[in-house]
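In what follows, a single structure is set out as structure tokens and then discussed.
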Amino acid sequence: MSLIKAEKAEKSTVALEFSVDKETFEKAVTKVFRKQSANITIPGFRKGKAPRSVVERMYGKGVFYEDAANDLLPDAYEAALAEANITPVGRAEFDIKSIDENGIVFTAVVPVKPDVTIEGYYGIEATREVAPVTETEIENEIKIIQERNRREIEVTDAPAAMGDLTKIDFEGFVDGVAFEGGKGTDYALKLGSGSFIPGFEEQIVGHAIGEEFDVNVTFPTEYHAAELAGKDATFKVTVKSITKIELPELDDDFAKDVSEFDTMAEYRADIEAKIQKRHESAADAAFEETVVKALTEKLGGEEIPEAMFEAETENLLRDYDNRLRMQGLDLQTYFKYTGMTLDQMREQMRPQAESFVKVRLALEKIVELENIQVSDEEVEAEYARLAGAYQMDVDAVKGMIPADSVAADLKVKKAMDEVKAHAVAAEAMPAKKPRAKKAKATAESADEDKAE
């Protein structure tokens, strides 16, 4: 393979031209002939025994050229990319400029990362606001745990009360006529849940097991079944069973039973701390979302190739499919139950993919402008973190992810941390301006710059 030229083209692409020499091409043609000869029939020769020269006279000199070119293209393209020092971000568009017994000249239009610009990334207006923890939040958390530790006691000698779990038979009538969907047998109903027509559950209160009685209600005027909306109805009801719910007392014994704490005060303090942590995480996420949005808006320069957005959309799809598989599902099963299609999901994920691509390009540019570096120790620490996250051996992770890829991700993370550290509230003074890029700055000189 020989690289002829590599020229920057429009829309963040590179036009490549590269060739395959005569000798290599001839070997590829011979290989194709040998593979296909067994299926070639030429009058006067047994099937598969006709010489190549005879086949070419009958079908044309270039009869095997296309297949030979297809065989040669992958390796030739990879060699051309390496020689031109190009990293594609999507599939290239190929063509054959010339092909004959002297070899092939290929052309390729290769999508590459755009040359972007970004300014004003230090001093982005973004406020991190942590919501205070309320007593209601703490009480709700405790109530959930209290409900989980409840006792259910089936009774036979007490009437139904609000909060009880009941099992009932019922049949509804409007103007003395039973209506469709108005009948149930052994229906489980928690009194006070509000799951039935307003007024229904309250009229079961006070009735004992085995009692048969009427419940009179009026359907809401906006009821989903139009033929029943606003109508008066009578339900014939029989109570089949009553289960009392006994909630544990919210005392120190409760705290000991449900946590590692000895007192209710300690348990409440722990719940408050956990809610506070959730609020802080939510504030961090909102803060970063604001920063990310600002970065994408400040991104300029060349047009981002469509291939980058498409590739990131596919990455998101694969990640989602992997998460589903961890739950025993897959995309096809998900589509079956939701009615969604693959194209609809791609369309749904497209905005997120575009944001990911833009912010990555912005942060990579900041890495370049600020000469952000990472040490070997930081890379090793990241390998250890990934190994723990994947529950794999460190060497196995190293075999999967190249060190330069890990370093690149760490640099991008550092860039984001820098941008967030220099974000300001609307009323704050502008933060520092970015330093000028140093082409050959060392890690030591970069540290000195930061000290200054």
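Figures for the structure shown
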{"read-out": "List Met162, Met392, ordered by accessible area with a 1.4 Å probe, largest first", "value": "Met162, Met392"}
{"read-out": "Given Lys143/Lys244; Lys11/Lys413; Lys8/Lys113; Lys8/Lys358; Lys358/Lys414; Lys5/Lys31, the pairs whose alpha carbons are separated by over 19 Å", "value": "Lys11/Lys413; Lys8/Lys358; Lys5/Lys31"}
{"read-out": "Å² per residue, accessible surface of region 94-217 at 1.4 Å", "value": "58"}
{"read-out": "Cα gyration tensor, region 181-311 - rounded (a/c under 1.5), prolate or oblate", "value": "oblate"}
{"read-out": "Amide proton proximity set for Phe179, modelled H, under 5 Å, gap of 5+", "value": "Gly172, Val174"}
{"read-out": "Calculated FRET efficiency for the pair Phe213/Lys274, C-beta based, R₀ 45 Å, to 0.05", "value": "0.45"}
{"read-out": "Kirkwood estimate for the chain, i.e. one over the average of 1/r between Cα atoms, Å", "value": "30.7"}
{"read-out": "Low-density loop positions, GluC sites (Glu not before Pro), region 1-33 - DSSP coil, at most 15 other Cβ in 10 Å", "value": "Glu10"}
{"read-out": "Stretch gain in nm, segment Arg151-Arg34, where the contour uses 0.36 nm per residue and the Cα spacing is subtracted", "value": "34.1 nm"}
{"read-out": "Candidate lysines - alpha carbon under 25 Å from Lys240, same-chain residues fewer than 8 apart omitted", "value": "Lys167, Lys183, Lys190"}
{"read-out": "Label point distance in nm, Lys143-Leu250, each placed 7 Å from Cα along Cα→Cβ", "value": "0.9"}
{"read-out": "Cα-derived Rg to Rh of region 363-418, Kirkwood definition", "value": "1.02"}
{"read-out": "Calculated FRET efficiency for the pair Ser98/Glu289, C-beta based, R₀ 45 Å, to 0.05", "value": "0.30"}
{"read-out": "For region 17-148: rounded, prolate or oblate by the Cα gyration tensor [a/c cutoff 1.5]", "value": "oblate"}
{"read-out": "Amide H partners (placed H, <5 Å) of Val14, local residues excluded", "value": "Ala9, Val110, Val112"}
{"read-out": "Neighbour cut-off at most 15 other Cβ (10 Å), DSSP loop, GluC sites (Glu not before Pro), region 259-329", "value": "Glu260, Glu303"}
{"read-out": "Rounded if a/c under 1.5, otherwise prolate or oblate - region 298-354, Cα gyration tensor axes", "value": "prolate"}
{"read-out": "Amide N of region 92-112 lying under 15 Å from the label point, which is placed 7 angstrom from the Cα of Glu56 along Cα→Cβ", "value": "99-104"}
{"read-out": "Sulfur and carbon atoms: percent of accessible area, the chain [1.4 Å]", "value": "49"}
{"read-out": "Distance (nanometres) between label positions extended 7 Å along Cα→Cβ at Glu23 and Glu314", "value": "3.6"}
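The values are calculated or read from the model by the stated rules, or taken from the named source; none is laboratory data. From a predicted model like this one, the values you see are computed outputs, not experimental measurements. All Cβ positions, even for glycine, are placed from backbone atoms using ideal geometry, and neighbour counts span all protein chains on display. To get the accessible areas, we keep the full protein, side chains included, count just its heavy atoms, and leave off ligands, DNA and RNA. Shrake-Rupley method; radii C 1.70, N 1.55, O 1.52, S 1.80 Å.
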